[in-house]
1. Please report, in cubic angstrom per residue, the volume enclosed by the convex hull of the alpha-carbon atoms of the stretch 424-521.
2. Among 509, 87, what is the fewest-to-most ranking by other Cβ atoms within 10 Å?
3. Can you work out the PRE-style zone for residue 429? Point 7 Å along Cα to Cβ, and I want the residues of the stretch 467-494 with backbone N under 19 Å.
4. For the stretch 366-497, what is the convex hull volume of its Cα atoms per residue in Å³?
5. Beyond 19 Å, what percent of the Cα pairs of the stretch 250-338 remain?
6. With everything on Cα atoms, drop me the angle between helix 11-27 and the longest principal axis of the chain, reported from 0 to 90° to the nearest 10.
7. What's the exposure ranking of 478, 378, 45, going from fewest to most Cβ atoms within 10 Å?
8. How do the peptides 409-419, 299-309 rank, highest first, by the average count of neighbouring beta carbon atoms within 10 Å per residue?
Ligand code: TNX
């Protein structure tokens, strides 16, 4: 993989070069009249004007024009390549109105090709010229990410569901790309408000566009238990029967959940399920009296306070429960991680917390999974291989930061989710109608402008496995709410996880981000029009 050696942002120079190239192109190929008279001719998007920024982009040669004759070429032997080709065709057909058949023969067109090479597990190369566009990768995940790049290189109208006039140019040149981090996540809290399978799928599609590869589902909390557990059926049937504000709540049957996992996998996302323990457990405690130290089940809870519930650490029955839940959840989980929460256990003594984690982490290992916990887990003894998800703030005490950094120095991997940067449920400003503000207001620039590799003092850069943007749902109950809080901050978090540090530059990022807006309009994604970003006028 070729990388730019310089540590200064190279985007402006490249963009200028691409800009003049495109003037030439526009005077040539597109002047032939592909666009209806009187309509502005679409210039091809410069190869590096995508989010996340690619590791390298070299403009050169003629653009490729997707036309009625374009075919999508795939490898006969590979079912996964065929599926990615079908996915691409599904994106392009409604707006172009072209047939875009999949074929294993011929030349040119859009070619998806698996080949050995230094692409890594998720990298790809995209070569574009007059005769075609070829995306090459070692693994299907790389091809899929390359397809997302191709989408963003086509005019935004390609995302519409009705036939658009075109033309459909892809700038000429080569993109070589691979992620900075293997873990690029987004979390959705389906406990405080329940979101249906269809709503989760919609979010998955939005995440895939920005090359996010982990969907962390916060499946249980005080306000609701959202996954069916056969051995403890009241968890979902009763514990899932309400939500914040007293609405009807809901839960996923095992088939629902398998469908989410399958859909996520088809977009190359791994689902990371979370059962939050030992705090954040009122829904479980309300469902089974025997889980309470005093044997009395509390009522269901529909408010938004945190820190008032705890599993009974001293009772053996608690560990039957934990074993059953983890066993059934692990069986539904093809991915390698199982998140056990561990945050805000304010009603569990420190000794009990340590005991609980010492007993529960081996259960996760027993069922073949790797532990992830919120960073409070570093106050106990993280299991070998465990990852800690850091959700502190700039203002978090030096002692707490050092506790996490020390664990990192001792081998605990880190997922970075600083609340005053990438908590997507934080209000943008005091006027944001949705969201919370306990971590402060988080405008778009603040959300983007930090370096995961150098973020936590005393933590080695090599401990950082990636970035995750959590979306807590105390105040959010619809897909429109999700979209408004996630856009435009989610693409920034995705870029921090994907792009080389050398590309990091707010001034060029905000231009690339602004260029995404017509795409969101085409996709029906309502977003916050931050005054920090030079949005095109509508
Ligand atoms: C803190 S972050 C929580 C959640 C809340 C969230 C709201 C974390 C691990 N716990 O219980 O939903 O703040 O922003």
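Quick note: the coordinates plus some simple rules give every number you see, no bench work behind them. Keep in mind the model is a prediction, meaning the values are calculated, not measured. Please note: Cβ atoms are built from the backbone with ideal geometry, for glycine as well, and neighbour counts cover all protein chains shown.
1. Details: hull volume 11.8 nm³, N = 98.
Hull volume over Cα atoms, normalised by residue count, gives 120 Å³.
2. Values: 509 25, 87 16.
Ascending Cβ contact count within 10 Å gives the list 87, 509.
3. Residues 484-490 qualify, since their backbone N sits under 19 Å from the label point.
4. Details: hull volume 15.9 nm³, N = 132.
Cα convex hull per residue, to the nearest whole number: 120 Å³.
5. Counting pairs separated by more than 19 Å, the tail of P(r) holds 49 percent.
6. Taking the Cα atoms of the chain, the angle to 11-27 is about 40 degrees.
7. Numbers: 478 12, 378 24, 45 21.
Least crowded to most crowded, the residues run 478, 45, 378.
8. Numbers: 409-419: 21.3, 299-309: 15.6.
Order by mean packing, descending: 409-419, 299-309.
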